[in-house]
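Notes follow the structure.
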Amino acid sequence: MAQAKKALGKSQKNGRGAARAATKKYPNYIGGEWVASASGEWFDNENPADVREIVGRFPVSTAEDVAEAVEAAQDAADRWRRLPAPRRAEILFRLGEILIRNKDKFTREMTREMGKVLKEAGGDVQEAIDCTYYTAGEGRRLHGFTTPAEMPDKFAMCVRQPVGLCGLVTPWNFPMAIPSWKLIPALVCGNTVVIKPAEDTPLSTYNLVKACEEAGIPAGVVNLVAGYGETAGAALVGHRDVRLISFTGSTEVGRIVAGVCAERNAVCSLEMGGKNVIMVMEDADLDLAVEGAVWGAFGTSGQRCTASSRIVVHKKVYKKFTQMLVERAQGLRVGDGLDEKTDVGPVINADALHRILGYIEVGQREDGARLACGGSRLDKGAHASGYFIEPTVFADAAPGMRIAQEEIFGPVTTVIPAGSLAEAVEIGNGVRYGLSASIYTRDVNRAFRAMQEMYTGIFYVNSSTIGAEVHLPFGGTKATGNGHREAGTQVLDIFTEWKSVYVDYSGKLQRAQIDEVNFE
Ligand code: NAD
C-alpha cells in the first residue's frame, strides 16, 4: 500500500471533513473511558461505495493518546494476569454472545465502511464469533507439560505466562475478524492490549471493543486508539513499555514495524502480503476450478491477503479454462455491497483505485499480457460516487511479469499457462510471498505432491486459495510472515512465553549435567 497517501486519510483528501460536523463521532477507549484525542481532531470514515456518505468520525490520535492507553493497560496488567484463565474465558464467552446478537448490525456497518458484500461482511463477523468461542475454550487448557527431570526427587514442567502489554496493529480488509484473531488470544492468555485499527475501517473495531466493554472486560484491559499509521501506529510500535507488537498489513509496513521492534527488543509477529496461486491440472473438474477461481480472485474485490491473484493452468485445458473464467468474470455484478444482488463491491479508497488501475496499465503496456476482460473503472450511474473497478482477467501472462509477481490487492487476476505439474509448482513458488496455494486435480498423487512441494503456510486441494478456519494455524512463509502463526492453538505461542519450572524436593544441592546418578 502507498503509505504516504494514507497519512492523509480518506476524507481529508477530498477536503469535506469540516462540512460534516453532524456525523456521529466514535471516540477512543482508554482505561474504561470513551474519550476524544488530545489533538481534538477527527477524521472521516467514508463509504467507498458512495463517498458522499460518511459512516462516522474518529479521533486523529497522537503519541500522547497512545501513551495514555499504554499507561491504562499497564495499570490493569497485574490484576488481569492474576484472574484465573477460566474466569477470563467466561467473560470472553459473554463477548461471543454479544457479537452473535449484533451480527446483522455489525455486518451492515462493515459493508458501509469498507464495501465488501453483505455475505462476506457477515462471514467476517462470524469469524470473530468463531474465534471468540474457540479461543475462550483455551481458558480451560492453556496446556504446558510435565517431563521427567534428570535428577532424583526433582520435578520438571513448563507453563505458559502472558507476554505482558500487547500492541495490535490491524489492516482494513478483515476489520473485525483480524482484530479478534489478535485480541481474543491476547486476552485469554492474560495480556492487556492497546489496539490501533486501520484508518479506513475503525468502526468495526470500535464495535468489537464496545462489545468487550458490554461483556464486562475490566477497564484498562482493552484500549482502543484510532488514527493514522505513521502517527498513532508508529507511536504504539515504538513505545518502550509495549512488550509485543502483533501486526497484520503490507510487507512494506511490516518491515518498518519489525525494524522498530528489533531496536527496542520487543516481541514482534507479522502477517503480511500474498501472491497466491491456484494450479489447475488437465484432469481437473473445470467447472469447479472456475468457480473457485472467481470466488478467490474477485471475492472482497480481490482485497484479501489470500486472494487468487495467479491462476496457473495446464496447457491442455488452458484455452477452455480461460474462456470459462472470462465468461464468469464478465457476468459478475459490480455495485454497492449493501445490495443483495451485488457480487463484487468497491475497492477501499482512492489510493487503491489508482494503484489497481496503474497495475492494469502495467499489465497491458509494460508486461504485454493480454487483457481478456475488464480493465476499467466504473464511474457512471450507480457507480458514479464510488471506487468501482471491473473484474479483470489477464491471460497469456509470463510468471516473471510484474502483474504476476506483485500484490495488486484488487479485482485483477492473471492466468499463466504451464506444461506440467512440476512447472506449475515452480511458477507457484516463484514469488517472494508464501501465504496460500491450491490445486485442482482428480489425481490424489498429484495433490499430495503439490502439497509437499508448495512452500506456503496454507494449501488447498480442489478448493480456492481462500477460506481459512479459525482452529487451524494461519500465516505464511517468506515475505508473508516472520515465522509465527495466528489462529489455532499456535497463536498461543505468540501471546505467551514459556517458563520452565524445576522443583527439587531432595533437600540437597543437585547439579544437573555434573552429578552422577546411579542405580542403588
Ligand atoms: P498497511 O500496511 O497499509 O496498514 C496496516 C496497518 O498498519 C494499519 O493499521 C496502518 O495504519 C498501520 N501502519 C501504517 N504505517 C505504519 C507505521 N509506520 N507504523 C505503525 N503502523 C503503521 O496495510 P493495509 O492496506 O491496511 O492492508 C492490506 C495489506 O495487508 C495487504 O498487503 C494484505 O495482503 C495484508 N494482509 C495480510 C494478512 C495476513 O494475515 N497475512 C491479512 C490481511 C491483510
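One table, with the values for the structure above:
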item	result
Crossing angle, helix 444-453 versus the chain [Cα axis fit, 0-90 degrees, rounded to tens]	70 degrees
Pair Lys341, Lys24: separation of 7 Å Cα→Cβ label points (nm)	2.9 nm
Whole-Å distance, taken between Cα centres, linking the range 347-406 and the range 59-124	35 Å
Label-to-label distance, nm, for residues given as Phe93 and Gln74 (7 Å Cα→Cβ offset)	3.5 nm
Exposure proxy order (Cβ contacts within 10 Å, fewest to most) of Lys508, Lys210	Lys508, Lys210
Spin-label model distance (nm) - Lys508 vs Lys103, 7 Å beyond Cα toward Cβ	6.5 nm
Cβ-based exposure ranking for Cys373, Cys305, in which fewest neighbours within 10 Å come first	Cys373, Cys305
Tyr433, Tyr133 arranged by Cβ crowding within 10 Å, fewest neighbours leading	Tyr133, Tyr433
Local electrostatic count, Tyr505, Cβ distance below 13 Å [Lys/Arg +1, Asp/Glu -1]	0
Sequence-distant residues sharing a close amide H with Ala149 (under 5 Å, placed H)	Ala156
Fraction of beta bridges assigned by DSSP in the range 277-461 that are antiparallel (%, nearest 5)	20 percent
Degrees, to the nearest 10: 85-101 long Cα axis against longest axis of the chain	30 degrees
Nearest 10 degrees, 0 to 90: helix 251-263 Cα axis against the chain principal axis	20 degrees
Where no second cysteine Cβ lies under 4.7 Å, the cysteines concerned in the chain	Cys131, Cys158, Cys166, Cys189, Cys212, Cys305, Cys373
Whole-angstrom gap from the range 435-451 to the range 274-333, using each part's C-alpha centre	15 Å
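Taken together, the values in this text are just the output of simple stated rules run on the coordinates, not laboratory data. Values in this document were obtained by computation on a predicted structure and should not be read as measured data. All Cβ positions, glycine included, derive from the backbone under ideal geometry; neighbour counts span all protein chains shown.
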